[in-house]
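Novice: Following this message is one structure expressed as structure tokens.
The values are calculated or read from the model by the stated rules, or taken from the named source; none is laboratory data. Small disclaimer: the values here were computed from a predicted structure and weren't measured. All Cβ positions, glycine included, derive from the backbone under ideal geometry; neighbour counts span all protein chains shown.
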Amino acid sequence: MQIIHLLPDLITLKINSLILTIYRSLIDEKFPTTCSIEHAKIYFLLNVCPHMEFLNVECINGMTIELFLRDILNKINLDHHKELRLLCIYVSKADDNMIKTFKKMIDKEKLLLNYTIHHELNNIYLQWK
């Protein structure tokens, strides 16, 4: 139980595996998808660890990275997470075109103002002020 008391002071969090299986019920759309449940878990961590500066998500399966990035940046902006300034997302096929797509989305939707985005091997790094 001591670890729970330390969470508000957490600065860096690395999630080794975030497996997202998107399942949409064709019968009843009222049930949340696994994707939305996993987003809620990340949002919960952001709220429990308000001093976190760096979030590293190593593996995202079964969803578009663009959707994840848009959702997490919207959440950060809406809840005013002032400490979080660096997001690293592992993508199995990160390339320059993916970076351009993300940059275009961020600029068009004004998700961030002063930021840099680049990839090193299969990791996408997004840093902002």
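Novice: State yes or no: is residue 55 buried (at least 19 other Cβ atoms within 10 Å of the Cβ) and under 13 Å from the mean Cα position of the chain (by Cα)?
Specialist: Values: buried (at least 19 other Cβ atoms within 10 Å of the Cβ): yes; under 13 Å from the mean Cα position of the chain (by Cα): yes.
Considered against the rule, which asks whether it is buried (at least 19 other Cβ atoms within 10 Å of the Cβ) and under 13 Å from the mean Cα position of the chain (by Cα), residue 55 comes out as yes.
Novice: Okay, moving on. Please specify each residue of the stretch 110-125 satisfying the condition of being outside any loop (DSSP other than H, G, I, E, B) and either of a type in the set (Ser, Thr, Tyr) or surrounded by 12 or more Cβ atoms within 10 Å (Cβ to Cβ) (or both).
Specialist: 115, 116, 117, 118, 119, 123, 124, 125
Novice: If you check every pair at least six apart or on different chains, which have Cβ atoms under 6 Å apart with a residue in the stretch 69-96 that is under 14 Å from residue 54 (Cα atoms) and modelled with pLDDT of 85 or more first and a residue that is of a type in the set (Ser, Thr, Tyr) and not in a helix (DSSP H, G or I) second?
Specialist: Every condition considered, the pairs that remain are 88/125.
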